[in-house]
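Presented below is the structure to which this report refers.
Each reported figure results from applying straightforward, stated rules to the coordinates on display, with no laboratory input. The shown structure was predicted, so the numbers you read here are calculated from the model rather than taken from an experiment. Note that each Cβ is placed from the backbone with ideal geometry, even for glycine, and that neighbours are counted across all protein chains shown.
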Amino acid sequence: MNRFYINIKDAIEKRSFQAFLVFFIFWLIFHLSKNWIVFPIFLSSYFDDFLVVPMVLTFSLFLQQTWVNPLFVYSKFFILSVILYFGFLFEIILPRFISAYTSDKYDLIAYFIGGIVFYILQIFFIKK
């Protein structure tokens, strides 16, 4: 059997994939409802930034647990590294070269809060 094959039934049973689906569904509902609901500026500005770290980490954790080690978890250092990477890329590098990106210190706070949410989920929900 191919090492990179993922059985959908097995994927749905993994808590890391379930957590990813929850974050993805929140993101999808938020973006689909923007046409009908006017969200507060703070929420519409930072909700994506809050969700990006948990979405990326839950999906990559699912892949790690599926293909490498079923008991794999991310360290605090790795989660912090991902937060800093997103901050560096989206708040320092890309705004210098692409005008669609703007640098904002509150985005960093949203990345950090998303990382904390992921860490708590990993300890109390995903790891079990």
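Taken over region 47-76, the criterion of being of a type in the set (S, T, N, Q) and under 22 Å from L108 (Cβ atoms) is satisfied by T58, S60, S75.
For region 47-89, a residue qualifies if it is hydrophobic (A, V, I, L, M, F, W, C), surrounded by fewer than 20 Cβ atoms within 10 Å (Cβ to Cβ) and over 14 Å from G115 (Cα atoms), and the qualifying residues are L63, W67, V68, L71, F72, F88, L89.
Identify the residue in region 29-39 that is farther than 18 Å from V117 by Cβ and aliphatic (A, V, I, L, M) and, among all such residues, is nearest to the chain's Cα centre (by Cα). Even if it seems obvious, please write down each step before you answer.
Here is the first cut: in region 29-39, the ones farther than 18 Å from V117 by Cβ are 31-39.
So of that shortlist, the ones also aliphatic (A, V, I, L, M) come out as 32, 37-38.
Numbers: L32: 18, I37: 24, V38: 24 Å.
Restricting to residues being farther than 18 Å from V117 by Cβ and aliphatic (A, V, I, L, M), the top hit is L32.
Among the residues of region 27-42, those identified as loosely packed, with under 13 Cβ neighbours inside 10 Å and part of a helix (DSSP H, G or I) are L28, I29, H31, L32, S33, I41, F42.
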